[in-house]
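The values are calculated or read from the model by the stated rules, or taken from the named source; none is laboratory data. These figures come from a predicted structure and were not determined experimentally. Ideal geometry is used to build each Cβ from the backbone, glycine not excepted, and the neighbour counts take in all protein chains shown. These area figures cover heavy atoms from the full protein model, side chains too; ligands, DNA and RNA do not enter into them. Shrake-Rupley method; radii C 1.70, N 1.55, O 1.52, S 1.80 Å.
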Amino acid sequence: MRYQLKEFEAVIQEVLDSGGEFQLYPRGSSMLPLIREGRDWVMLAQKEKILHRNDIILYHRSDGRFVLHRIVKIRKDGYVLCGDNQIQLETGIQEDQVIALVEEIGRKGRSISNHSFWLRLYEWIWCCLPFRKLYFQIFGHRYPKFF
């Protein structure tokens, strides 16, 4: 049975506001190759006062949909976000739209901190938008087995 995240928004917010963490199993393909639906989970924590470039956040769009994407740039008019499996930037995301920050990613019984060396290396290589555009032109949306 699938649930809509909107049904749990109040519970998620209550857990985060009390200093807790919330484990979420994301759906969709926008964060491939890092996060795969049906295999990986993310641990959400209350957003820090200052978010940084490359942080992965859960936010809601103006149409009410919940999205898990990465901060590409921080501007005065809002955040610029993009999924790891995308090249189209989403601009103007405001602070009040941000619900939570991803603190760790879980896979195969293990968790990876968002401060780990391997995740930072992945960000440095994969999150370079010109590299990603070139990769998609050559290989499409297929990924090596190590992801």
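General observations
- Test result for I50, of a type in the set (A, V, I, L, M) and open to solvent by less than 70 Å² (accessible area, probe 1.4 Å): no
- Within region 1-21, the set of residues being open to solvent by less than 80 Å² (accessible area, probe 1.4 Å) and not acidic (D, E) comprises L5, F8, A10, V11, I12, Q13, V15, L16, G19, G20.
- Leading residue by the ranking (farthest from L44 (Cα to Cα)) among those in region 70-99 that are among the acidic types (D, E) and in contact with a strand residue (DSSP E or B) (Cβ under 7 Å, 6 or more places away or on another chain): D77
Residues are listed down the side, and each one gets a yes or a no for (1) of a type in the set (K, R); (2) buried (at least 17 other Cβ atoms within 10 Å of the Cβ):
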position	(1), (2)
R39	yes, no
N54	no, no
V67	no, yes
I74	no, no
G92	no, no
I99	no, yes
R110	yes, no
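- Conditions (1) under 25 Å from G140 (Cα atoms); (2) out of contact with any Lys or Arg (no Cβ under 9 Å at 6 or more places or on another chain); number of the one not met by R39: (2)
- Output for region 100-147, where each listed residue is out of contact with any strand residue (DSSP E or B) (no Cβ under 7 Å at 6 or more places or on another chain) and of a type in the set (S, T, N, Q): S116, Q137
- Residue check, I87 open to solvent by 20 Å² or more (accessible area, probe 1.4 Å), closer than 22 Å to R142 by Cα and β-branched (V, I, T): yes
- Pair list, Cβ under 7 Å, 6 or more apart: region 53-66 residue in contact (Cβ under 8 Å) with a residue 60 or more places away in the chain, other residue β-branched (V, I, T): N54/I71
Every residue, every condition in (1) more than 19 Å from L129 (Cβ to Cβ); (2) among the hydrophobic types (A, V, I, L, M, F, W, C); (3) touching a residue at least 40 places away in the same chain (Cβ under 8 Å), yes or no:
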{"site": "I35", "(1), (2), (3)": "no, yes, yes"}
{"site": "E48", "(1), (2), (3)": "yes, no, yes"}
{"site": "Y79", "(1), (2), (3)": "no, no, no"}
{"site": "C82", "(1), (2), (3)": "no, yes, yes"}
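- Condition check for G106: out of contact with any Gly (no Cβ under 6 Å at 6 or more places or on another chain), in contact (Cβ under 8 Å) with a residue 60 or more places away in the chain and under 26 Å from E9 (Cα atoms): yes
- Hits in region 22-37 (condition: exposed (fewer than 15 other Cβ atoms within 10 Å of the Cβ) and under 16 Å from F8 (Cβ atoms)): Q23, Y25, R27
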